[in-house]
1. Which FRET efficiency value, to the nearest 0.05, is calculated for V32 and I166 with the Förster distance at 35 angstrom and r the Cβ-Cβ distance?
2. Taking 0.36 nm per residue of sequence separation and subtracting the Cα-Cα distance, how much length would be gained by fully extending the chain between L128 and F81, in nm to one decimal?
3. What's the extension gain from F147 to Q20 if we count 0.36 nm per residue and subtract their Cα-Cα distance?
4. Taking N as the number of residues in segment 9-194, what value does Rg over Cα atoms divided by 2.2 N^0.38 Å take?
5. For every helix of n ≥ 4 consecutive DSSP H residues, a contribution of -39,500 (n - 2.57) applies; sum these over the chain, divide by its total residues, and give [θ] at 222 nm rounded to the nearest 500 deg cm²/dmol.
6. Given a cut-off of 17 Å, what percent of all Cα-Cα pairs of segment 51-102 lie beyond it?
7. Say each of N100 and S44 gets a label point 7 Å from the Cα, pointing the same way as Cα to Cβ; how far apart are those two points in nm?
8. Ranking request for peptides 115-125, 24-34: highest mean number of other beta-carbon atoms within 10 Å first, then the rest in descending order.
Amino acid sequence: MRDISASKDLVVRRVHSGDQNDICDHFLRLDVGSRRSRFFGAVSDAGVLKYARNVIRYDSVAGGAFVGGQLRGLVELSGLFHSWPSTAEAAFSVETDWQNIGIGDALFEQMFAMAQNRRVRTVQMTCLKENSHMRHLAAKHNAQLLFDADAVEAVLYPNWPTPGSIAKEMIAQTREYSHLLFRQACKNRLPKDSQ
Ligand SMILES: CC(C)(COP(=O)(O)OP(=O)(O)OC[C@H]1O[C@@H](n2cnc3c(N)ncnc32)[C@H](O)[C@@H]1OP(=O)(O)O)[C@@H](O)C(=O)NCCC(=O)NCCS
């Protein structure tokens with residue numbers, strides 16, 4: 001059982017090249033289901049590593065969610081500067097054991113601020129049609145959902161930058177998540193059929 005006593009704070013901040021090893025480890029920890037949802041199919045460890053080493057690029061920016069100092073969730077905003085008005089693609093990954101405690105929500109806010117600060121006019125997110133969790137997250141943040149045969153595209157239109165959006169990106173945001181982690185720990189202790 002994970003010791004949650006030392007990891008009650010969730011810190012969300014921009015990640016840099018110095019976080020590269022953490023980014024690789026985070027992607028490697030994604031289980032089969034989360035990898036499939038994130039990459040739209042099965043991906044080997046080697047494939048995941050190849051991808052992870054290319055996350056920080058001149059045309060992308062990423063935000064990380066750290067619990068007890070360990071990277072547990074990531075949002076990437078890529079394709080910046082490829083077009084004008086700017087359109088970027090956002091993608092999320094939260095490790096399975098850390099899902100459902102609000103990390104995706106916090107990363108969504110970080111991603112929106114990062115997009116705003118780069119004057120991105122359109123953010124696109126694509127997920128598998130059966131990915132109701134991601135669809136819920138996108139809809140909760142007022143994204144427009146467009147359904148295809150197998151996939152769903154969620155679209156957002158950020159506003160211009162504000163002092164608040166700049167501060168959100170520059171200053172690591174800390175949230176007190178002890179109550180949610182406590183709830184999750186209780187859930188983990190319960191037999192599956194009683195949840
Ligand atoms: C999708 C994902 C990013 C969400 O992250 P998360 O940290 O678990 O999200 P949150 O904890 O902020 O979301 C919790 C919310 O989702 C809801 N939820 C949980 N499971 C759900 C499901 N199967 N269907 C619909 N809603 C669901 C919860 O009820 C909660 O709703 P509320 O905030 O309105 O109370 C995460 O599950 C993930 O990384 N999945 C694998 C990769 C992936 O699918 N990426 C998206 C494609 S790029």
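1. Details: r = 39 Å, r/R0 = 1.10.
Approximately 0.35, to the nearest 0.05.
2. On the way: separation 47, 0.36 × 47 = 16.92 nm, distance 2.62 nm.
Here the answer is 14.3 nm.
3. On the way: separation 127, 0.36 × 127 = 45.72 nm, distance 3.42 nm.
Computed gain between F147 and Q20 is 42.3 nm.
4. Numbers: Rg = 16.2 Å, N = 186, 2.2 N^0.38 = 16.0 Å.
Ratio of Cα Rg to 2.2 N^0.38 Å: 1.01.
5. Details: 7 runs with 70 residues, N = 195.
So the calculated ellipticity at 222 nm is -10500 deg cm²/dmol.
6. Numbers: 561 of 1326 pairs.
Within segment 51-102, distances greater than 17 Å cover 42 percent of Cα pairs.
7. It works out to 3.3 nm between the two label points.
8. Values: 115-125: 19.6, 24-34: 16.1.
My ranking of the peptides, most packed first, is 115-125, 24-34.
No lab work stands behind these numbers, since they all come straight from the coordinates. Every value quoted in this text rests on a predicted model; they were computed, and no experiment measured them. Note that we place each Cβ from the backbone using ideal geometry, even for glycine, and neighbour counts take in every protein chain shown.
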